[in-house]
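The values are calculated or read from the model by the stated rules, or taken from the named source; none is laboratory data. Note that the structure is a prediction, hence the values are computed from the model and not measured. FYI the Cβ positions are ideal-geometry reconstructions off the backbone, even for glycines, and counts take in every protein chain you see.
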Amino acid sequence: MKLPIEQIKVLLAEARSGNRRRLVVVSGAEPWCRELATEIIHQAPLPECRWIGGQAPEGLQASPPGRPVGWLGGESTHLVYDAFSGFDPNLFGAASGTLRGGGLLLLLAPPLDEWRNYPDPQQARIRVAGFEDQPLAGRFLQRLTEIIREDSASLTLQQDQPVPPLPVPLPASPSAASNDPECRTQDQAEAVGAIQHCMTGHRRRPVVLISDRGRGKSAALGIAAARLLLGDSCSEISITAPRLGACDALFQQAARLLPDAEVGRGTIHDQQGRIQFAAPDELIHSPRETSLLLVDEAAAIPTPLLEQLLERYPRIAFATTIHGYEGSGRGFAVRFRQHLSERCPQWREIRLEQPIRWSPDDPLERFLFRALALDAAPAKIAVLPQGREQALQFEWLERDQLIADRQSLTDLFGLLVLAHYRTSPLDLYQLLDGPNLQIAVARQQGRIIATALVALEGGFSTEMAEAIRLGERRPRGHLLAQSLSAHLGMQQGACLRGARIMRIAVHPKLQRSGIGSRLLGLAGEMANEQRLDYLGASFGATPELLQFWQQRSFSPLRVGLRRGASSGSHSLLVVQPISSEGRQILQLAHQRFHQQLPQMLGDPLRELDPTLALQLLSCPPARPAIKLDPQDWLDLQAFAFARRGFEITLPPIHRLTLQGLRDGAPLAVEMERLLLVKAVQHHSWAETASRCGFSGRRQTEAALREAVRALMHHYSDVRPVTTGE
C-alpha cells in the first residue's frame, strides 16, 4: 500500500472544518500497523496524540489497557487504540469520548478476516476456570468487524490492499452557540439556570439533567455551583457520584470560576462557602447539613440509594448519561422517573442534545453507538391481554444466531441495559462469548421480550475445593461454588455442579405476569437434564427480590457483609437443591445460616435493611423451642410491666424477640421493626429512635416495653407461674 498521507490530510482537514471526529482503521500484521500509524502521526501530522496500547512509538507515552487511565475525564486531540494489546470495549468507548471534534481515532487491528480468532489479551476478563483450553468463539469481534466494514464514514486501510476512496464529506452542521459566555451551548445555559432555580425556588422540586456523553452536563453542575457561591445563594454545596473521578469536569469548571478559592482533591473552599464531595452511602448514613446536593452520573448509582438521597435532601439536582460506557442510564430513566413523579410531582427534566466537543452529526459517535450497542433498546410491543401469556415462545438461544439476527441481539441487550444500571459494553462481550453462559429467552411475535442468563459453575476436585475453602484459590467465574466453600465452609460445596442465574430481565410492559417464573422453570428443567446439583443466584438484596426467590422455593444461604459498590445493597445468595447430594449439603448450609444470622445481625450486618432482616429471620428451616427459664420470665415481667432497665434485661429480650420473629408472632409491623433494630441489631437509643420514628429514648423505651408485653401475652401458655406473682 502506498503511504496514504495525502488522503489522511484531506480527511483531517474535513474533520476540522466540520468539528467532527473520524475513525481510521489500520488492519494487518502487528508491525505493519504500528509502523503505518507512526508515519501517519508524524507526517499528517497528529499533534498531542495519545496512544492506548502496550508499545507506543518514541515520543508518545503508552497507556496499556487494564491500567487506570487518569486522563479519561479530560479531552484528547487525537487517539490511537492498539487492539493488538487487547480490545477493551469499555475503555475504547470511554477514550473515544475524550476525543474533540476535528480529531482522528486510529484503530490498529489484526486482518479483519482473522480478527475473531486473534488471541486477544482482554479475553482473560471473560474466561472461566475450567474452560481455559477452550477457544472463545470470537462472536463479539466478528460483529465489530462487520460493523467496521459497513461503516461508510470511516476509512479502513488494509495491508496489501489499495487505499480505498475517502468517506463522502458531510455538509456543514448548524451551530447552537449560547448567549451565556461561560456556557458552550444553549442547552448547557438552560441546565445551569435550572440548577440555580432548584436552589433559590421552592423545596422538593428537583431537576434532572439527561444527555448522551459529551453534552456538558457535568460542567453545567460545576458552573451552577460556582455561581451559587458567588451569588451568596448558599454556602455549602455537596457533590456525590459513583466515584470521585466522575466529578473531575464539575470541579474543573467550578474552580475556573472561583480563581481565588483553595482547591483540593474533591473540595473547593472559597470565602463565600464550600463545594465538597461525599460518597452516596456516606451522605445517607452520616447526613450532613448542606444547602444543595448535586448528584453526577446518577444512573450508575443504585436506585435505592438515589431514593434515600431524595428523601434526605430537599434541594437536589441529578445528572445522568443515557448512553454510558460504564453503565447505561435507561434503567434510571424508567425506574427513577417513576419514583420522582410519586414523591416530587413538580420535578423538572432538562435534556442536553447539543454536543460540546463535536458536531451533532458526528460520524464517530454513530459508529460507537452501533459497535458498542449503546443504542440498544427493548422491543416496542403491545401489552398482552390477561391470560394470553401462553402465546409467548420460550427457547434456549444459540448465540451464533445473535450475529446473524441483529434485531434479536438489540432486543436482548436492550432488556439487560434497562434491567440493570451497570450494564456496559463489556457485558456485550461476555453475552456473545462467555464460555459457560447459556441464554433462555421468551419471544412475542418473534421479538425477544424476556431473558435469563445462566452460568454453569462448580464441579471442582476435592483438592481444589479444599484450597477454595482455605482461601488459597479463587477460580474465576464460579461465584456460587466459591461462596459455598470459602464463605460457608462447606468442604464439598465447590465439588457440586450448579447453574447460577446471572440476570433475569422482563420487558417493563410484561412484568408481574409470570414470565420470570417460567424462565426460572426453563432453567430448572435444564439443570435436571444436565444432572446438576443446584440452581442458584446472587443479587443485591431487597425485600421484594427476596420474596420473589422465596416464592419459587429458593432458600437464602448467605448475606454479604458489605454493601455492593454497584447495587448499594448487601448481596444475597439463594439456592434451590436439585440432586440428593446437593439437597444434603445445601440443607446443612441453610441451617448454619439461620443459626449464625442473629449474631451477624448484631455486628457485621447491623446496617442491613430491617425489613429484609425480618424476612430472613422468619424463614428458618426448623423452629427451635423457646429457651427461657423461670428467672428469665421474671426479668421480662419486670421490664415489660415495671421499670427494670433494658440493658440488664437484654439477654432474655433478645431470645424472646428471636423466637417471636421466627414464629411470626402477631405483632404490629412497627413493633417488629423496633425489636429488631434495638434487641437484635443493637443500635444506640438515638439511632433506634431515628430509624423507628420516635422523638427520643423515653418514647423508644416505652414502645419497647409495650412490644415485649405483646410477645409475652402471645407466649402466655408457656410462661411459668412463679410464687409471688
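Could you tell me how many of the residues in region 19-42 are farther than 19 Å from SER76 by Cα and surrounded by fewer than 23 Cβ atoms within 10 Å (Cβ to Cβ)?
Going through region 19-42 one residue at a time, the tally reaches 9.
Out of ASP187, ASP151, ASP160, ASP180, which single residue is surrounded by 15 or more Cβ atoms within 10 Å (Cβ to Cβ) and out of contact with any strand residue (DSSP E or B) (no Cβ under 9 Å at 6 or more places or on another chain)?
Just one listed residue meets the conditions, ASP180.
Of these, GLU14, GLU58, GLU39, GLU75, which one is more than 27 Å from PRO171 (Cα to Cα), acidic (Asp, Glu) and either in contact with a helix residue (DSSP H, G or I) (Cβ under 6 Å, 6 or more places away or on another chain) or in contact (Cβ under 8 Å) with a residue 24 or more places away in the chain (or both)?
Every option except GLU39 fails the conditions.
With ARG315, ARG274 as the choices, which residue is farther than 19 Å from ILE356 by Cα, surrounded by fewer than 20 Cβ atoms within 10 Å (Cβ to Cβ), over 17 Å from the mean Cα position of the chain (by Cα) and touching a residue at least 12 places away in the same chain (Cβ under 8 Å)?
Of ARG315, ARG274, the one residue that is farther than 19 Å from ILE356 by Cα, surrounded by fewer than 20 Cβ atoms within 10 Å (Cβ to Cβ), over 17 Å from the mean Cα position of the chain (by Cα) and touching a residue at least 12 places away in the same chain (Cβ under 8 Å) is ARG274.
Condition (residue is on the phi > 0 side of the Ramachandran plot and either modelled with pLDDT of 95 or more or outside any loop (DSSP other than H, G, I, E, B) (or both)) applied to region 399-421: is it met by at least one residue?
Looking for residues that are on the phi > 0 side of the Ramachandran plot and either modelled with pLDDT of 95 or more or outside any loop (DSSP other than H, G, I, E, B) (or both), one finds none in region 399-421, hence no.
Looking at the structure I just gave you, is SER76 touching a strand residue (DSSP E or B) at 6+ places or on another chain (Cβ under 6 Å), of a type in the set (Gly, Ala, Ser) and within 21 Å of LEU141 (Cβ to Cβ)?
Considered against the rule, which asks whether it is touching a strand residue (DSSP E or B) at 6+ places or on another chain (Cβ under 6 Å), of a type in the set (Gly, Ala, Ser) and within 21 Å of LEU141 (Cβ to Cβ), SER76 comes out as no.
Conditions first: (1) over 27 Å from LEU106 (Cβ atoms); (2) at pLDDT 95 or above; (3) out of contact with any Cys (no Cβ under 9 Å at 6 or more places or on another chain). ARG312 passes all but one, so which condition is the exception?
(2)
Any idea which of (1) loosely packed, with under 14 Cβ neighbours inside 10 Å; (2) assigned by TED's automatic domain parsing to the domain that holds ILE40; (3) in contact with a Lys or Arg (Cβ under 7 Å, 6 or more places away or on another chain) is the one GLN142 doesn't satisfy?
Among (1) loosely packed, with under 14 Cβ neighbours inside 10 Å; (2) assigned by TED's automatic domain parsing to the domain that holds ILE40; (3) in contact with a Lys or Arg (Cβ under 7 Å, 6 or more places away or on another chain), GLN142 violates only (1).
Could you run through region 200-214 and say how many residues are modelled with pLDDT of 90 or more and in a loop (DSSP other than H, G, I, E, B)?
6
Could you say which residue among CYS198, CYS234 is surrounded by fewer than 21 Cβ atoms within 10 Å (Cβ to Cβ), closer than 28 Å to PRO345 by Cβ, touching a residue at least 12 places away in the same chain (Cβ under 8 Å) and touching a strand residue (DSSP E or B) at 6+ places or on another chain (Cβ under 6 Å)?
Exactly one residue qualifies, and that residue is CYS234.
Can PRO135 be described as surrounded by fewer than 19 Cβ atoms within 10 Å (Cβ to Cβ) and more than 29 Å from LEU3 (Cβ to Cβ)?
Criteria met by PRO135.
Hey, could you check region 507-542 for residues that are part of a strand (DSSP E or B), of a type outside the set (Gly, Ala, Ser) and modelled with pLDDT of 95 or more and say which is surrounded by the fewest Cβ atoms within 10 Å (Cβ to Cβ)?
Per the criteria, the residue is LEU535.
When you look at LEU561, is it in contact with a Phe, Trp or Tyr (Cβ under 9 Å, 6 or more places away or on another chain) and not acidic (Asp, Glu), yes or no?
no
In region 441-457, what residues are of a type outside the set (D, E, K, R) and modelled with pLDDT of 95 or more?
VAL441, ALA442, ILE448, ILE449, ALA450, THR451, ALA452, LEU453, VAL454, ALA455, LEU456
List the number of the failed condition for ALA29; all other conditions in (1) of a type in the set (A, V, I, L, M); (2) over 28 Å from LEU170 (Cβ atoms); (3) at pLDDT below 95 hold.
(3)
Would you confirm whether any residue within region 459-478 is of a type outside the set (Gly, Ala, Ser) and touching a strand residue (DSSP E or B) at 6+ places or on another chain (Cβ under 6 Å)?
Within region 459-478, one or more residues are of a type outside the set (Gly, Ala, Ser) and touching a strand residue (DSSP E or B) at 6+ places or on another chain (Cβ under 6 Å).
Conditions tested, residue by residue: (1) under 26 Å from ALA499 (Cβ atoms); (2) touching a helix residue (DSSP H, G or I) at 6+ places or on another chain (Cβ under 7 Å); (3) at pLDDT 95 or above.
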position: GLU544; (1), (2), (3): yes, no, no
position: ARG552; (1), (2), (3): yes, yes, no
position: SER571; (1), (2), (3): yes, no, no
position: ILE585; (1), (2), (3): yes, yes, no
position: GLN595; (1), (2), (3): no, no, no
position: ILE626; (1), (2), (3): no, yes, no
position: PHE639; (1), (2), (3): no, yes, yes
position: ARG643; (1), (2), (3): no, no, no
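Restricting to region 315-337, name every residue that is assigned to a helix (DSSP H, G or I), at pLDDT 80 or above and of a type in the set (Gly, Ala, Ser).
none
Write out, first by first residue and then by second, each pair whose Cβ atoms fall under 6 Å of each other, whose residues are 6+ apart or on separate chains, and whose first residue, in region 115-129, is closer than 23 Å to GLN159 by Cβ while the second is surrounded by fewer than 17 Cβ atoms within 10 Å (Cβ to Cβ) and polar (S, T, N, Q).
Between residues of region 115-129 that are closer than 23 Å to GLN159 by Cβ and residues that are surrounded by fewer than 17 Cβ atoms within 10 Å (Cβ to Cβ) and polar (S, T, N, Q), there is no close pair.
Taking region 299-312 as the search range and keeping residues that are over 18 Å from GLY266 (Cβ atoms) and in contact (Cβ under 8 Å) with a residue 40 or more places away in the chain, which one is surrounded by the most Cβ atoms within 10 Å (Cβ to Cβ)?
Residue satisfying both the conditions and the ranking: ALA299.
Can you spot a residue in region 87-103 that is touching a helix residue (DSSP H, G or I) at 6+ places or on another chain (Cβ under 7 Å), within 18 Å of ILE403 (Cα to Cα) and surrounded by fewer than 21 Cβ atoms within 10 Å (Cβ to Cβ)?
no
Please give the helices (runs of 4 or more DSSP H) falling wholly within region 590-707 in which 3 or more residues are in contact (Cβ under 8 Å) with a residue 40 or more places away in the chain and under 24 Å from PRO304 (Cα atoms).
Fully inside region 590-707 and qualifying: 610-617.
Please go through region 142-195 and pick out each residue that is in a loop (DSSP other than H, G, I, E, B), without any contact (Cβ under 8 Å) to a residue 60 or more places away in the chain and within 30 Å of GLN430 (Cα to Cα).
SER152
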